[in-house]
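Step one of this worksheet: look at the structure below.
The values are calculated or read from the model by the stated rules, or taken from the named source; none is laboratory data. Keep in mind it's a predicted model, so treat the numbers as computed, not measured. For neighbour counting, all protein chains shown are included, and Cβ atoms are generated from backbone atoms with ideal geometry for every residue, glycine included. Remember, those area values only see protein heavy atoms, side chains included, never the ligands or the DNA or RNA. Shrake-Rupley method; radii C 1.70, N 1.55, O 1.52, S 1.80 Å.
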Amino acid sequence: YWVAESGAPTESQQAFDQVTLSPKTVGAFTDFSRKLMLQSSLDVEGFVRRDLAAVLGLELDRACINGSGSSNQPFGILNTTGIGDVAGGTNGAAPTWAHIVNLESALANANADAGSLFYITNTKVRGKLKQTEKAASTTGNFVWEEKLLNEYQRLVTNQVPSNLTKGTASGVCSAIIFANLADLIVGMWGGLDLMVDPYTGSTSGTVRVVALQDVDIAVRHPESFAAMKDALTT
């Protein structure tokens, strides 16, 4: 408020949103044999535990990016209502410099381009952008720069899907995300539960290792995320 001399501003009321999380369980297990334990020079049980923890970590990453929200999964970024949308075309399109800039602009136009800003995509898109020049009039000035992408950090993981569909482009579209990852909330109920079960396969000497983790994922502000879901790489 603009006030006159000796005047007082009107009280402001801060607004709050509520993000609800509920535990969703991701799990994995594997069995290993008695003879493997006898013959191996490794700590087999510890080896299996580390592998199971890594597998669950990969699945948590995938769920953060593309969790469906069904079949006991949380909603990931790509399936969250209200994020920015940059469309390539009716049947998808090869990603260009304009698409990359438009992803940034989607956040900037919503006053959300602050925080931990990253581009996130898969190896197919990275390969395509390394061969795509920023403009037809340039030579050797490619979209995928040596260290940054449009002056922002980039993350590359094949947890970003490359089998999306847009129009007649069935199962061949990739996603590109621009995000303030500080607004991605991952809630965890306790740590990773690991249980060694020597009883289920006791008659054959098989040991089972079970890993369980209770988590949920939420987007704090949908405006902090934008995605192109129809990028063609071939």
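Counting only protein heavy atoms and a probe of 1.4 Å, the accessible surface of region 79-234 is 49% carbon and sulfur. In square angstrom, rounded to the nearest 10, how much accessible surface does SER116 have for a 1.4 Å probe? Spelled out: SER116, probe radius 1.4 Å, area about 50 Å². Is there a pair in LYS24/LYS166; LYS147/LYS229; LYS128/LYS166; LYS124/LYS147 whose C-alpha atoms are over 28 Å apart, and which pairs would that be? Over 28 Å Cα-Cα: LYS24/LYS166. Between the C-alpha center of region 1-57 and that of region 216-234 there is a gap of 19 Å.
Normalised by residue number, the volume inside the convex hull of the Cα atoms of the chain is 226 Å³ per residue. For VAL156, the solvent-accessible surface with a 1.4 Å probe is about 50 Å², rounded to the nearest 10. Once the Cα atoms are used to define both axes, helix 44-66 deviates from the longest principal axis of the chain by about 30 degrees. Of the listed residues MET228, MET37, MET195, the order by accessible area with a 1.4 Å probe, largest first, is MET195, MET37, MET228. Contact order normalised by length for the chain, with contacts defined as Cα pairs under 8 Å and 6 or more residues apart; what percent is it? Relative contact order, the chain: 30 percent.
Counting only heavy atoms of protein chains, what accessible area per residue, in Å², does the chain have with a probe of 1.4 Å?
Values: 13690 Å² over 234 residues.
The answer is 59 Å² per residue.
Within the chain, the longest run free of GluC sites (Glu not before Pro) that sit in a DSSP loop with at most 12 other Cβ atoms within 10 Å is 12-145. Only DSSP H runs of four or more residues enter the estimate; each adds -39500 (n - 2.57), and after division by the residues of the chain the mean residue ellipticity at 222 nm equals -6500 deg cm²/dmol.
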